[in-house]
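Novice: Sharing a structure, written as structure tokens. Questions coming.
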Amino acid sequence: METGRAPIGFDGEPVELHHLKQTHEGPIAEIGSKDHNKYTSVIHANPKTHQSLIDRKKFEKQREEYWKERAQGYREEANSNLGGIIDMKWGIIGIDFNGWGQEHRQ
């Protein structure tokens, strides 16, 4: 994560970031790749009536920054009483990374 790449999730795939409101400024959630694909019709609005407002080039940069900051926050807050990280800048409650450790190398 220190290099801006996603960690490997419990499904063996890189963790994905999902825009909950399908807007660039809205909150995001960390979700396993397989779950993101499996539940795509549930977590995404109908693309025929609600187009995504996310600027993908801008998001590429944001995603890299997110994982770098997430790694720094994880080092500072690992094993806290919260069992994860609460990061209000990104509008997300983090998850417990115990057992992840690997970094996506693509």
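Novice: From the list 26, 4, 12, exactly one residue is under 15 Å from residue 70 (Cα atoms) and either assigned to a loop (DSSP other than H, G, I, E, B) or touching a Phe, Trp or Tyr at 6+ places or on another chain (Cβ under 7 Å) (or both). Which is it?
Specialist: The match here is 4.
Novice: Could you list, in sequence order, the residues of the stretch 8-24 that are surrounded by 16 or more Cβ atoms within 10 Å (Cβ to Cβ) and within 20 Å of residue 43 (Cβ to Cβ)?
Specialist: 9, 13, 14, 15, 16, 17, 18, 19, 22
Novice: Could you check the stretch 25-73 and list, in sequence order, the residues that are surrounded by fewer than 14 Cβ atoms within 10 Å (Cβ to Cβ) and under 18 Å from residue 4 (Cα atoms)?
Specialist: 56, 57, 58, 60, 61, 65, 72, listed by residue number.
Novice: Quick one: residue 57 ticks every box in (1) in a helix (DSSP H, G or I); (2) touching a residue at least 12 places away in the same chain (Cβ under 8 Å) bar one, so which box is it?
Specialist: Of (1) in a helix (DSSP H, G or I); (2) touching a residue at least 12 places away in the same chain (Cβ under 8 Å), only one is false for residue 57: (2).
Novice: I need the full set of residues from the stretch 29-48 which are among the β-branched types (Val, Ile, Thr) and outside any strand (DSSP E or B), in order please.
Specialist: Once the filter is applied, which keeps residues that are among the β-branched types (Val, Ile, Thr) and outside any strand (DSSP E or B), the stretch 29-48 yields 40, 42, 43.
No value in this document is a laboratory result; all are computed from the given coordinates. This one's a predicted model, so the numbers in the text were calculated from it and none came from an experiment. Here Cβ is always computed from backbone atoms with ideal geometry, including for glycine, and neighbour counts include all displayed protein chains.
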